[in-house]
Amino acid sequence: YNDSGYPDSAMVYDLKSYKLIRKLPIDARNTLGIMFSPDGKLLAFGEDNRVASVFSTDTWQRIHQFTFTDGWCGGCYSLVQFSPEGRFMYMASHNGPVKKYAVASKELIKVYEESTDDLTGLAVSADGKYLARATELEVSVWDEASGKLISKLVAEEKGEFNEVTFTLDSKQLLVTSN
């Protein structure tokens, strides 16, 4: 635990023995985005304070750390998603756009131009053609290749969107709401 009393690590357990294998050093206060790469070789955490860390699952060492610098926020978590082939990682945080990074080089590839208030979900379609981001009040869907916004859903009065995902055939979008 850190000085604030929050967990300062993510724990990896063996499923047969339930023994702790390793602690990964991350800010675990508001870690809502956890994602394995499609090949299982990488693990990304969207951490508190607008940081995303990528670990190798072979060594369990942190190999990259991305910091979200657009917009403002004190203590905001980040969401992460890998592209279907695992070459890219998408990161979103409050009060800023969704960003696409090359995992190997950490190069910023694309910024999806739209600020994000009250971030609740991030998804990439299985075919890699679409990117969706949910906030409490709207869901935006982009054409991944062009970065063009192609659809926006607005929450019903007194409703809020929670999470978003695509069906495996990439033809439908599932959005949870309260």
Using only the alpha-carbon atoms of region 39-178, report the extent along each of the three principal axes, biggest first, to the nearest angstrom.
47, 37, 26
Length gained when the stretch ASP169-ARG62 is fully extended (0.36 nm per residue, less Cα-Cα span)
35.3 nm
Residue by residue through region 127-134, the couplings from Karplus 6.51 cos²θ - 1.76 cosθ + 1.60 with θ = phi - 60°, in Hz, x for Gly and Pro, are 8, x, 7, 10, 10, 10, 10, 10
Quick one: accessible surface of LEU137, probe radius 1.4 Å, all protein chains present, in square angstrom to the nearest 10.
110 Å²
Most to least accessible of GLU107, GLU138, GLU113 (protein chains only, probe 1.4 Å)
GLU113, GLU107, GLU138
Keeping all protein chains in the complex and leaving out DNA, RNA and ligands, what accessible area do you get for ASP169 with a 1.4 Å probe, in Å² to the nearest 10?
90 Å²
Förster radius 30 Å - calculated FRET efficiency between ALA102 and VAL12 (Cβ-Cβ, nearest 0.05)
0.70
If one computes the Cα centroid of region 32-68 and of region 89-158, what distance in Å separates the two points?
18 Å
For region 110-178, take N as its residue count and report Rg(C-alpha) divided by 2.2 N^0.38 Å.
1.04
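The values are calculated or read from the model by the stated rules, or taken from the named source; none is laboratory data. Computed from a predicted model, the values in this text were never measured in an experiment. Note: ideal-geometry Cβ built from the backbone for every residue, glycine included; neighbour counts use all protein chains shown. When the accessible area is computed, the model is the full protein with side chains, heavy atoms only, and any ligands, DNA or RNA have been set aside. Shrake-Rupley method; radii C 1.70, N 1.55, O 1.52, S 1.80 Å.
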